[in-house]
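J.: Got a structure here, written out as structure tokens. Questions coming.
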């Protein structure tokens with residue numbers, strides 16, 4: 001059983017996943033209380049599935065971009081579990097998990113996360129030659145810069161406030177197709193599924209060198 005941990009932003013989540021699919025998933029909004037909230041949710045999920053910690057075969061963690069403290073909390077817990085249980089650790093970029101829900105979307109997909117100070121973390125994704133892939137670097141963008149990047153009808157997903165949604169619709173009418181709130185949000189289950197694909201393929205990340213993706217200094 002793989003445990004996925006996502007504390008990259010104020011939308012936090014965990015999931016339990018194996019070859020049969022998703023077994024448990026918890027998502028919640030946190031007011032920067034990742035440190036005290038994360039372990040109780042992990043314990044609750046394992047108890048609900050009558051799963052002993054020793055039954056975990058891998059742990060996955062959201063790599064960022066995201067909040068400096070949130071990412072470090074998730075990374076610390078994931079590394080601690082991987083080390084204590086001697087199981088593989090797998091890191092998944094946060095924007096990859098955000099966009100993955102729309103991997104069957106024929107349109108290009110722009111995944112966004114708030115970065116503060118009027119900026120947004122962004123990356124673009126699309127099916128190319130039958131394969132879903134990221135087609136841009138992870139980047140920080142202002143609203144104007146993000147609008148300039150939407151040169152064709154594009155599905156925009158992720159953690160968006162109403163100000164951003166309205167501004168995109170006004171700046172690039174017809175090009176910014178906004179996913180609904182429930183469909184837009186990042187889920188730990190998608191993080192788990194991406195990590196399981198890597199785990200099943202025999203991939204592993206280095207416990208010592210794996211580090212968060214930061215697009216700005218704390």
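J.: Which one of 52, 123, 192 has the biggest mean-square fluctuation once the chain is modelled by GNM with Cα springs under 10 Å?
T.: Per the Cα network of the chain with a 10 Å cutoff, 52 tops the list.
J.: While we're here: Bin width 10 Å, alpha-carbon pairs only: give the P(r) of the stretch 102-184 as whole percents, running from 0 to the bin holding the largest distance.
T.: Reading upward from the zero bin: 19, 57, 23, 2.
J.: Continuing with this model, one more query. So which residue, out of 75, 27, 39, gets the largest mean-square fluctuation from a GNM of the chain using Cα contacts under 10 Å as springs?
T.: Its mean-square fluctuation being the largest, the pick is 39.
J.: Would you mind checking the radius of gyration and Dmax of the chain based on alpha-carbon positions, in Å?
T.: 17.1, 52
J.: As a footprinting exposure proxy, order 164, 63 by other Cβ within 10 Å, with the fewest listed first.
T.: Lowest count first: 164, 63.
J.: Turning to a different aspect of this structure: Please arrange 131, 7, 69 by counting, for each residue, the other beta carbons lying within 10 Å of its beta carbon, fewest first. Each step should come with its number before you reach the end.
T.: Numbers: 131 8, 7 31, 69 13.
Ordered from fewest to most neighbouring Cβ atoms within 10 Å, 131, 7, 69 come out as 131, 69, 7.
J.: Continuing with this model, one more query. To the nearest 0.05, how large is the calculated FRET efficiency for residue 55 and residue 209 if R₀ is 25 Å and r is the Cβ-Cβ distance? If you can, show how the numbers build up before the last one.
T.: Numbers: r = 27 Å, r/R0 = 1.08.
E between residue 55 and residue 209, to the nearest 0.05, is 0.40.
J.: Still on this model: Select from 129, 115, 141 the residue whose mean-square fluctuation is largest in a Gaussian network model of the chain (Cα-Cα springs shorter than 10 Å).
T.: Among 129, 115, 141, the largest GNM mean-square fluctuation belongs to 129.
J.: List the relative contact order of the stretch 102-184 as a percent without decimals, with contacts defined as Cα pairs under 8 Å and 6+ residues apart.
T.: Across the stretch 102-184, relative contact order equals 28 percent.
J.: Please label the shape of the stretch 1-61 as rounded, prolate or oblate, based on the square roots a ≥ b ≥ c of the eigenvalues of the alpha-carbon gyration tensor (a/c under 1.5 means rounded; beyond that, a/b larger than b/c means prolate, else oblate). Could you put the intermediate results ahead of the total?
T.: Numbers: a/c = 2.10, a/b = 1.73, b/c = 1.21.
In terms of gyration-tensor shape, prolate.
All of the numbers you see were taken from the coordinates with simple rules; none came from a lab. Small disclaimer: the values here were computed from a predicted structure and weren't measured. Cβ coordinates were reconstructed from backbone atoms using ideal geometry, including for glycine residues, and neighbour counts include every protein chain displayed.
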